[in-house]
1. Look at A:R232 and say whether it is assigned to a helix (DSSP H, G or I), facing another protein chain (nearest Cβ under 7 Å) and open to solvent by 20 Å² or more (accessible area, probe 1.4 Å).
2. Given B:D383, B:D416, which one is within 22 Å of the chain's Cα centre (by Cα), within 11 Å of chain A (Cβ to nearest Cβ) and either under 27 Å from A:I243 (Cβ atoms) or open to solvent by 20 Å² or more (accessible area, probe 1.4 Å) (or both)?
3. Any residue in the stretch B:200-207 that is touching a strand residue (DSSP E or B) at 6+ places or on another chain (Cβ under 9 Å), within 11 Å of chain A (Cβ to nearest Cβ) and closer than 29 Å to B:G261 by Cα?
4. Can B:A312 be described as under 38 Å from the mean Cα position of the chain (by Cα), assigned to a strand (DSSP E or B) and at pLDDT below 90?
5. Give me the pairs: first residue in the stretch A:302-319 and farther than 15 Å from A:I109 by Cα and open to solvent by less than 30 Å² (accessible area, probe 1.4 Å), second residue modelled with pLDDT under 90 and in a helix (DSSP H, G or I), beta-carbon distance under 8 Å, and six or more apart or on different chains, which are they?
6. Which of the residues spanning the stretch B:104-133 are of a type in the set (A, V, I, L, M, F, W, C), surrounded by 15 or more Cβ atoms within 10 Å (Cβ to Cβ), at pLDDT below 90 and not in a helix (DSSP H, G or I)?
7. Residues in the stretch A:243-256 that are at the interface with another protein chain (Cβ under 7 Å from one of its Cβ atoms), buried (at least 23 other Cβ atoms within 10 Å of the Cβ) and touching a residue at least 60 places away in the same chain (Cβ under 8 Å): how many?
8. Which residues, taken from the stretch A:280-294, are more than 9 Å from every other protein chain (Cβ to nearest Cβ), over 16 Å from the mean Cα position of the chain (by Cα) and either open to solvent by less than 40 Å² (accessible area, probe 1.4 Å) or in contact (Cβ under 8 Å) with a residue 40 or more places away in the chain (or both)?
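The values are calculated or read from the model by the stated rules, or taken from the named source; none is laboratory data. Just so it is clear, the model here is predicted, and its values are computed rather than measured. In this analysis, Cβ positions are derived from the backbone assuming ideal geometry, glycine residues included, and neighbour counts consider all displayed protein chains. The protein model used for the area step is the full one, side chains on, heavy atoms only, and it has no ligands, DNA or RNA in it. Shrake-Rupley method; radii C 1.70, N 1.55, O 1.52, S 1.80 Å.
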Amino acid sequence: MNLVSLQNSLDNATFAILLPTLLCYWTGVAFPNLKGLPAIGTAGMAIANLCMAALLGARWLEAGYFPISNLYESLFFLAWGLTAIHLLAEKLSGSRLVGAATSPLALGIVAFAAFTLPKEMRQAEPLVPALKSNWLMMHVSVMMVSYAALLVGSLLSVAFLVVTRGQAIELRGSSVGTGSFRQVKLNRASDLTIATAESGGSGGTAVLEQPVLQLAPEQLSLADTLDNVSYRVIGLGFPLLTIGIIAGAVWANEAWGSYWSWDPKETWALITWLVFAAYLHARITRGWQGRRPAILATVGFGVVWVCYLGVNLLGKGLHSYGWFF
Amino acid sequence: MTSDPLASPSFADRWRRGQQLFWTWLADLRLAILLLLAIAIASATGTVIEQGQSLAFYQENYPTDPALFGFLSWRWILSLGLDHVYRAGWFLGLLILFGASLTACTFRRQWPALRAAQRWQFYQEPRQFTKLALSASLPQGKLDSLEPLLLQRRYRLFRADDVLYARRGLAGRVGPILVHAGMLVVLGGAIWGSLGGFYAQEMIPSGETFQVRNIVDAGPWSGSRIPQDWAVKVNRFWIDYAPDGRIDQFYSDLSVVDREGQEQDRQTIHVNQPLRYGGLTFYQADWAIAAAQVRLNNSPVLQLPMAQLPAAGRIWGTFVPTKPDLSSGVSLIAKDLQGTAVIYGSNGEPLGTLRKGMAIEVEGIRLSLVDLVGSTGLQIKSDPGIPWVYAGFLFVMVGVVCSYVSHAQVWALEQDGQLYIGGRSNRALVAFEQEMLAVLAQLDAQSNHSAETAIA
């Protein structure tokens, strides 16, 4: 079988699947009573995910190295990661809003990679000497998955901002655990029922006994759920980003003798790390809860893009491989 | 000696109080967030404004009139140190303040939080459950049927008669402490490395022996680490090319030799595969063309040094005399080590291409190219901070993974024919809610089942 033509048909197929998937999710949000649509959307995301996995696998077989060495491959790897994290976030939250936020992003990335990139940049090319290392797989793949998780997580924060616009809200999930307490103090008159029990030998006289407390769980609202899933997905991306940066630092030290050289890409990865660290800390700060962390995460969305693409547009530094220059 | 309680507070009291305030300020999360964002913004300026350029460069690109955004002129850039952000005093000051804030936060917030998490207690009263969002009362619920459900979900149980406490994921409380400690170790290792380490560069032609002398940057305590009693011989430097002319890999075959010229170690290095010896690491970093070996008619092999041509990129050239008095000659130009050179006449006319082992007739002389000799560009580094930095990296990685774990706690009490259950979690609220609701549903089903069997 011709691997190159297989790749070409797979990248178009991914686009062809993601477009109706996006429409399903959006229609599903606009018409909440159409029950089947989110399930179709989930299936579309899963199929697109498998198509991209097959595309990258074919590329791996053809080129003989892990396929994230140029922009085309890395965009598909990112879109693959996005769809994978999307499926995870959707399963966690059970909300159809997740797809409404993530499917346009995945579609946009695939469309850019498959149609906008010039043909020369879509072909597999041999690795430059600096990239010939097992660290490539470790460092780049972890970084890409972390970008995917951070993008999905910050998109969910955007969704949270949209859902809660015009309301005062107290965030719940945080590492100090203030979120597990009841938001409304129990109203004793309505929530405490005084149980009366007949006592056996008192001949029909009802004896008022000690009141027995009745409790029912208070469940999370949609905004709380979105917020917590956003927090968990960013919480997943953050360790991956940390490990990816450290893997890059160790690789740089093994290859060039310097674990940190303030190269623009390195610096922006650090900036991304700092912004999301600020987000994680803002969540546990009294008086800073509510919308502020979500706004920080939204800023983080832009910072991830600057780190992933913006730095390479400058064409400077250690990381200018296989890009526009 | 007793102090009058009505007198103004003594100096010692005010000092203690001031200290207290200082530590509270330093451990404040809002300060930490501010520092994180300040370091992020400062780092970003360093990627936007060109670093380490000449005064003339900044004067040309950042004129005072019109200044960029109305204020960003070269005077501002130089006085704020924005031409070398990452070495500027105020940036290092920010990093030190950040380290101090990390330390204060660890001792004043994280450590107490971990201790508090370890000092759990049973809930003995139903009203204690009312503050928890995920709390419920089940008529006829039994602690005995709750226990296996929690064990199944990997909780650790503590039970006394009719009360129960269960927890899972205490690692989530340890993780952030490990991350903070690891970052402090990394910062410490970086400082130690910059004080006690050095960094050198050498460009050595194939076949020569050198000692590390061209020190580019050295810390104040690095003197003893520069090797005096051994040298390195470059046995050979070569480049492997792919069939399409692209560079596949650079190789240097290096020997470590002692004063008597005895070989102590021998390794072939390439990019991503350095040589380590005596606390130093030799990295393959650069290359150049050192010399061309040529023969004129039947002369012995002449080695002519090649020089990089100014302002022409990576192109090297040499002058090959064609008359014994050097009054006339040709130029030999090469741009890689693939064994091809181009010959230009004295008037600049191209005379032809010369391949290794071939000859060309120029100005009445048969010029043959025997070989092109490469130089290897080595980066040499000694960094005593590396073990610390790596240890810190390990702490940070383990800690950051642990930090994802959500600490979940469940309390239960059997009283008045009711089973009270309540739980809380610090991170995964959605997943914990699903888990608790599932446990409640299972308990409900079990008690209904047992009630039915009791009736039957």
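1. yes
2. None of the other options fit; the residue is B:D383.
3. Within the stretch B:200-207, one or more residues are touching a strand residue (DSSP E or B) at 6+ places or on another chain (Cβ under 9 Å), within 11 Å of chain A (Cβ to nearest Cβ) and closer than 29 Å to B:G261 by Cα.
4. Numbers: under 38 Å from the mean Cα position of the chain (by Cα): yes; assigned to a strand (DSSP E or B): no; at pLDDT below 90: yes.
Answer is no for this residue.
5. Cβ pairs passing all conditions: A:C307/A:K265; A:V311/A:P264; A:V311/A:K265; A:V311/B:T47; A:N312/A:L71; A:N312/A:K265.
6. Result: B:L132, B:A133.
7. Residues flagged as at the interface with another protein chain (Cβ under 7 Å from one of its Cβ atoms), buried (at least 23 other Cβ atoms within 10 Å of the Cβ) and touching a residue at least 60 places away in the same chain (Cβ under 8 Å) within the stretch A:243-256 amount to 1.
8. Once the filter is applied, which keeps residues that are more than 9 Å from every other protein chain (Cβ to nearest Cβ), over 16 Å from the mean Cα position of the chain (by Cα) and either open to solvent by less than 40 Å² (accessible area, probe 1.4 Å) or in contact (Cβ under 8 Å) with a residue 40 or more places away in the chain (or both), the stretch A:280-294 yields A:R283, A:Q289, A:G290, A:R291.
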